[in-house]
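Report on one structure; see the data block that follows.
The values are calculated or read from the model by the stated rules, or taken from the named source; none is laboratory data. Only a predicted model underlies this, so the values are computations on that prediction, with no experimental measurement involved. In this analysis, Cβ positions are derived from the backbone assuming ideal geometry, glycine residues included, and neighbour counts consider all displayed protein chains. Just so you know, the surface numbers come from the protein's heavy atoms only, side chains and all, with ligands and any DNA or RNA stripped out. Shrake-Rupley method; radii C 1.70, N 1.55, O 1.52, S 1.80 Å.
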Amino acid sequence: MEEVKESHQKRWIHLKKVLERPGPFTHPEFEPSPDILDFILSTCKILIIGAGGLGCELLKDLAMMGFKHIDIIDMDIIDLSNLNRQFLFRHKDIGVSKAQVAANYINARIAGCQVTPHCCPIEDKKEDFYRGFHIIVCGLDSITARRWINGMVVSLLNYDDNGVLDQSSIIPLVDGGTEGFKGNARVILPGMTACVECTLDLYPPQVTYPLCTIANTPRLPEHCVEYVKVVQWPKENPFGVALDGDDAQHTTWIYEKALERANQFNIHGVTFRLVQGVVKNIIPAVASTNAVISAVCATEVFKLATSCCTPLNNFMVFNDIDGIYTYAYEAEKKDNCTVCSNIPHPVDIDDPCKMKLKDLIDFLCENIKFQMKNPGLTTTIDGKSKTLYIPTIKMIEERTRPNLSKTLIDLGLRDGQEIVVADVTTPTSVIIKLRYTISDVEIN
Amino acid sequence: MSSPAPKSPEQNEKSKKYDRQLRLWGDHGQKLLENSKVCLINATALGTEILKSLILPGIGSFTIVDGEKVSEEDIGSNFFLENDSVGLPRAHVATQCLLELNPDVRGDYIDESAEHIISNTQNFFKNFDVVIATAVHEKVLLPLSKHLWECDVPLVVCHSIGFLGYIRLQIKEHTVIEAHPDSESPDLRLDKPWTALKGYLDSINIEQLDQKEKSHVPPLAILHYYLTKYKNSHNGALPSKRAEKEVLKQMIRDSGHSEEGNNRFILEENFEQALHYANSCVTPRPIPDHVKAILDDDSCTNLTQNSSSFWIMSAALRELVQAEGELPVKGTLPDMAADTLSYVTLQNIYRKRAEHHAESVYRRAQQIARNLGLPQDWVTESEVKYFCKHASELHVIRGSCIANEYQKSNLDLSSYLEDPDCLIFYYIILRGLERFISEYNVYPGQLDDQVEPDLLKLKGIIGKLLNEWGYSHVLRDERVHEVCRYGGAELHSVSAILGGCAAQEVIKIITHQYKPLNNTFIYDAINTTSATFCL
Ligand SMILES: [Zn+2]
């Protein structure tokens, strides 16, 4: 019997309605056609980062939205406390790789789905791996990992010599995060819209306890736990190994010592749950919020892949502590973002044989685009870093001052040379790229 | 070395599994959840997504009511139907798939339509704590809504169509004890310290402390000291206006400066915190309006044998407020710069006061229950403790019946209709869509060649509806067009968004923690926005 072409199967009838019919709210480039469903079924490649609370949901949501080629990456193994929300895992899976179990489950449940698991840290994969996807979607609980993948997608961007972004090098990054009943989802078009780094101030600072408080004037049960964790554990080293929050013996030891310390100071409220929370820095989590945020992200992936509806621009927050509240807004891209604006800014040089370093510095101070105050310049020549001029450190200033009166050619700077410029006007350094209007031949 | 024998409290399997959520609603919330019975009408994608987020956190049991057979289209949108289940009863297949999620949860199903059950099995729905209905249209919705309103069983109605979602809560009366507000000023009562607190704070003379003692004295002692001074020079009046508080704050600033080296002045952390508390914690804490309303509510002043423990406790609270003029002290102190001994001493003073208040409310509540002839354990001590601790967070929500809303000829939407971008227009379109289905038995745009004609019909129906309500507004065509484009399609990811939202509302209803939606929620996945309307 001849098999019905996948995209003609009745199971996709829901998707076909929004993909094959015109509508008033579609992306301007949307052209309704059966080809779109074929594209998501057979061509589009999606990467899910994280196979935890958000990752399990994302995998199910995307597979149900027609995506068949999905990779999922997570280094963690399954723990009992995951089972209240990471619904692709069962009791028998405890101790096994999250990515592996999640992939197996979806491949078995959804016909034709090809999920490829990667059980490793995201840092183990290189540019070529990440470049292979149409869209990357993140369900992480770590800000550091988020920043890393954000840096990765930005580094995949190509700019031409005039600093114009090559649109085909953009891999959209859809990112979700939750904490208790709160969450957020965002769409990042690297180089075009605000990136993770542009909005770093949105992440709440981690709660820390000053050492003098926990050592001298503990008041809260948390102070007692923290003291045992950072002072007593390293001193007594009870098991001869580093503290592992997942080892029940370790947490039990901390619990007992913290209780002792609390009793000594008449502090109430040291419970095993509290100890675990402090030791492992536990963030409360519930199935419903993860379901909502992942599904918002999956909907955005679907919109980006099909253009059947304009995507979120670019940030939404969710909170269902009091009724159900959502808010969408456009987070602003920072011009001086460390990551997404860190493209070399071209500087045209008429005659590098005549232009002195001092002239270049004056240019950076006077030019409307740079408007710097007191820039310091470093570069790399033949693989070695070279300090050209640093005004802010007395000793180095004295040592590099003679460079100011040297020409760019004398300093060994070539056409296309990238120079890292630090200045008080920007928290991060700016990279400029020298562009000589005369050729090397003429220079020689 | 050998490890010490674990002396810590044994953590059982359940508290480990549910650890991340117990940090949100506590063991007492979990207990209510584990004893709850939930009914789902129609195992659509949206329906099973809702159940998923209820089964994972561990409700007691669920029952699916659905007379449909699994279709190929169902499998395309519903994760909890297996590929090879086409033609089998949908209720049965979904129940089996969902039960896999959590062995602690029991589940069963009835392979009958809700319509059939309403007319044949009276009292069937009475046994549930919450009934959830998806893909239920007017013909069934209205009798169901009426029936559940009469039996006082909460009903959650949800729709997912294309990029649009709708959640409606129908609940006669819902009481919330722990609302868990996002931010709250600390409950310090420095405006009117009770004897024990005043005694302790009076014993600290800030100006006689040496530099070292001064840097460790609790901010509350600093604030109390200068507040007393301020009152003494202002005929006993508390600072209430900004300028008056500024006077108090200047007194604290002057005292907090310490000399160091070359005349450099530094304000110690505890003085900084005293300044911070001076902004919000020196005026009497008014009883919030929503709590006042509870104390004056008929259900509180006219108790009967049918009164719930919430209302008995409210009546007891009312007596306490009448006697003391204030709500019970919360009994918790925020962390503040202070030495251990004085902080712990202060904390004990606050805790004892809270215990005293809770005991007093408990005694009164027991007396009230006795007078009503109710059993001894009608109100428990632990319940009263939560009630008193969260006395300023108490809420009562009184909802409305959906059948009423549908039969109203004067539905008041005027305040929303002014804004052309308001999502109320999607509500109106969904109401039109319901009527369309009643008339034609299909979704508008369900058939590819009927999108245009259905669009005209739907516009006509919506115009008529608005007319019936007395409005002459014209809807933006594009929105009606968009809904016809969907042709009743259910997009999995949109159902998953709504499923999560609706499930959490059900958990709020069951646990009486966190404030539920009141009462209609529209989600617009086109623009990733939402709105709530009280209808
Ligand atoms: Zn950026």
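Could you compute Rg(Cα) / (2.2 N^0.38 Å) for region B:402-486, with N its residue count? Rounded to two decimals, the normalised Rg is 1.06. Phi angles of region B:333-342 translate, via the Karplus equation with coefficients 6.51, -1.76, 1.60 and θ = phi - 60°, into HN-Hα couplings of 10, x, 5, 8, 5, 5, 6, 4, 4, 5 Hz per residue; Gly and Pro are given as x.
Relative to the longest principal axis of the Cα atoms of chain B, helix B:242-256 runs at roughly 50 degrees. Taking every DSSP helix (H) stretch of at least 4 residues in chain B, weighting each as -39,500 (n - 2.57) and dividing the sum by the residue count yields a mean residue ellipticity at 222 nm of -15000 deg cm²/dmol.
D for region B:195-280, whole µm²/s, Stokes-Einstein with Kirkwood Rh over alpha-carbon pairs at 25 °C and 0.890 mPa s: what number? D = 184 µm²/s. Compactness of the protein assembly as shown, taken as the C-alpha radius of gyration over 2.2 N^0.38 Å, stands at 1.08.
Note on A:T437 and A:E398: with the Förster distance fixed at 35 Å, the Cβ-Cβ geometry gives a FRET efficiency of about 0.55. Using the charge dipole of region A:288-409 (Lys, Arg: +1 at Cβ; Asp, Glu: -1 at Cβ; taken about the Cα centre), state which of A:T299, A:G376, A:V317 has its Cα farthest towards the positive end. Going by the Cα projections, it comes out as A:G376. With the convex hull of its Cα atoms as the shape, chain A has an orientation-averaged projected area of 30.7 nm². Across region A:1-141, the volume of the C-alpha convex hull divided among the residues equals 145 Å³ per residue. Around the Cα centre of region B:269-382, unit charges on the Cβ atoms of Lys, Arg, Asp and Glu (plus for the first two, minus for the last two) sum to a dipole of about 320 debye.
Sorted largest first, the principal axis extents computed over the alpha-carbon atoms of chain B equal 89, 61, 60 Å. The alpha-carbon atoms of region A:345-436, seen along their principal axes, cover 29, 27, 24 angstrom, with the largest extent given first. Note on B:L341: accessible area approximately 130 square angstrom, rounded to 10, probe 1.4 Å, nucleic acids and ligands left out. Stretched out straight at 0.36 nm per residue, the stretch from B:K241 to B:D108 would grow longer than its current Cα-Cα span by 41.7 nm. All alpha carbon pair distances within region B:3-158 were sorted into 10 Å bins beginning at 0; the resulting P(r) in whole percents reads 10, 37, 30, 15, 5, 3, 0.
Averaging over all projection directions, the Cα-based convex hull of region A:288-398 occupies 13.9 nm² in the image plane.
For the residues of B:373-383, the average number of beta carbons from a partner chain within 10 Å of their own beta carbon is 0.
Let a ≥ b ≥ c be the square roots of the eigenvalues of the Cα gyration tensor of region B:440-521; is it rounded (a/c under 1.5), or, if not, prolate (a/b larger than b/c) or oblate? Because a/c hits 1.5 or more and a/b fails to exceed b/c, region B:440-521 counts as oblate.
Remark: mean inter-chain Cβ contacts per residue of A:58-67 equal 4, using a 10 Å Cβ-Cβ cutoff to other protein chain atoms.
For B:K515, the residues 5 or more places off, or on other chains, whose built amide H falls under 5 Å of its own are A:G323. For chain A, adding -39500 (n - 2.57) for each run of n ≥ 4 DSSP H residues and dividing by the number of residues yields -9000 deg cm²/dmol at 222 nm. Distance between the modelled labels on A:A242 and B:I287, one decimal in nanometres: 5.6 nm (7 Å Cα→Cβ projection). Given a 1.4 Å probe and the protein chains as shown, B:W378 ends up with an accessible area of around 90 Å².
Given C-alpha coordinates of region A:35-78, what is the ratio Rg to Rh with the Kirkwood estimate of Rh? Radius of gyration over Kirkwood radius for region A:35-78 works out to 1.04.
Accessible surface comparison of B:E383, A:E330, B:E272, probe 1.4 Å, protein chains only, largest first: the order is A:E330, B:E272, B:E383.
So if I average 1/r over every pair of distinct C-alpha atoms in region B:289-397 and take the inverse, what Kirkwood radius in Å does that give?
When all Cα pairs of region B:289-397 are included, the Kirkwood radius is 14.6 Å.
Directionally averaged projected area (region B:384-535, Cα convex hull): 11.0 nm².
Volume per residue of the convex hull around the Cα atoms, evaluated for region A:211-280, comes out as 75 Å³. Summary value for chain B: 20 percent relative contact order, contacts being C-alpha pairs under 8 angstrom separated by 6+ residues. The slack in the chain from B:T121 to B:Y416, taken as 0.36 nm per residue of separation less the alpha-carbon distance, amounts to 102.2 nm. When the square roots of the Cα gyration tensor eigenvalues are ordered a ≥ b ≥ c, the ratio a/c for region B:121-257 is 1.5 or more and a/b exceeds b/c, which makes its shape prolate.
Suppose R0 equals 35 Å. What FRET efficiency, 1/(1 + (r/R0)^6) with r the Cβ-Cβ distance, do A:D350 and A:E20 give to the nearest 0.05? Working from the Cβ atoms, E equals 0.05. Taking the Cα centroid of region B:279-355 and of region B:97-172, what is the distance between the two, rounded to the nearest whole Å? For region B:279-355 versus region B:97-172, the Cα centre distance is 38 Å.
Inter-label distance, A:K373 to B:Q322: 6.7 nm, where each label sits 7 Å from its Cα along the C-beta direction. Checking the table A:K68/A:K303; A:K126/A:K386; B:K172/B:K330; A:K257/B:K17; A:K125/A:K333 against a 19 Å threshold on Cα-Cα, which pairs fail? Violating the 19 Å Cα-Cα cut-off are A:K126/A:K386; B:K172/B:K330; A:K257/B:K17; A:K125/A:K333.
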